[in-house]
Amino acid sequence: MMKGIFITFEGIDGCGKSTQCELLKDYLTDNGKDFIFVREPGGTVIGERIREILLDKKNTQMTARTELMLFEAARAQITDEVIRPALEEGKTVICDRFFDSSSAYQGKARGMGMEFVSDLNMAATGGLKPDITFFFDISAEEALERRGKRGEASDRIELAGLKFQEDVRQGYLELADNSDGRIVTIDARLGIDEIFEVIKSNLEGKI
């Protein structure tokens, strides 16, 4: 059976990627496409338990190295248990965050080193990479304003502050510049429908 396509959505907290994930899910459902949707960290029993640890605001003593290793552990589990089997069955896989998040958040913003994190990403996924990644670019200030308007509670990572989020954004921009076209950068200030049109145009002929 033909291998399915692996689509990931990335960006700083408040960029609007989750909204676009929902639109793509609806679009694929309406068009009778066979797909699954997962999120990182999470998506498995083990992954969801790790997610609780990672995002718990009480875990203030967590070191950057511990944080990174927990993300990679959750990633290894979801790759082996869910993503790779679905792709082998020919399904489209949509993932809200994947290894680019670790490169940007832990590699760049936490100062762990993007090359170091990239090596760990490949170990965790067994070399599996997304076929296409949509990066929703927005400033940290604008993203914070959006989250405030929605009344969203901040988790442990979101509480790291504006400079941290802007460092994450710069990490994503570096990744996009060196992705050989895998990462499609989208101006997240555009309207919701405009953004989705960009996504559909980039997926044309692929799904």
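The values are calculated or read from the model by the stated rules, or taken from the named source; none is laboratory data. Remember, predicted model here, so these are calculated numbers, not experimental data. Glycine also receives a Cβ, built like all others from the backbone with ideal geometry; neighbour counts cover every protein chain displayed.
For ILE50, the test of being surrounded by 14 or more Cβ atoms within 10 Å (Cβ to Cβ), in contact with a Leu (Cβ under 7 Å, 6 or more places away or on another chain) and not in a loop (DSSP other than H, G, I, E, B) is passed.
Scanning for something in contact with a Ser or Thr (Cβ under 9 Å, 6 or more places away or on another chain) and surrounded by fewer than 21 Cβ atoms within 10 Å (Cβ to Cβ), does region 98-106 turn up at least one residue? Checked against the condition, which is being in contact with a Ser or Thr (Cβ under 9 Å, 6 or more places away or on another chain) and surrounded by fewer than 21 Cβ atoms within 10 Å (Cβ to Cβ), region 98-106 yields no hits at all. Among the residues of region 57-72, is there at least one that is touching an Asp or Glu at 6+ places or on another chain (Cβ under 9 Å), within 29 Å of ASP187 (Cβ to Cβ) and at pLDDT 95 or above? Yes, there is a match, as at least one residue in region 57-72 is touching an Asp or Glu at 6+ places or on another chain (Cβ under 9 Å), within 29 Å of ASP187 (Cβ to Cβ) and at pLDDT 95 or above.
Only a single item in (1) in contact with a helix residue (DSSP H, G or I) (Cβ under 7 Å, 6 or more places away or on another chain); (2) within 21 Å of PHE37 (Cβ to Cβ); (3) surrounded by fewer than 19 Cβ atoms within 10 Å (Cβ to Cβ) is not met by LYS57, and it is number (2). Residues that are surrounded by 21 or more Cβ atoms within 10 Å (Cβ to Cβ) and under 21 Å from SER102 (Cα atoms) within region 22-37 are absent altogether.
Assessment of region 162-175 against the conditions (aromatic (Phe, Trp, Tyr) and under 15 Å from the mean Cα position of the chain (by Cα)) yields at least one matching residue. When restricted to residues that are polar (S, T, N, Q) and either at pLDDT below 95 or surrounded by 17 or more Cβ atoms within 10 Å (Cβ to Cβ) (or both), region 180-207 contains 1.
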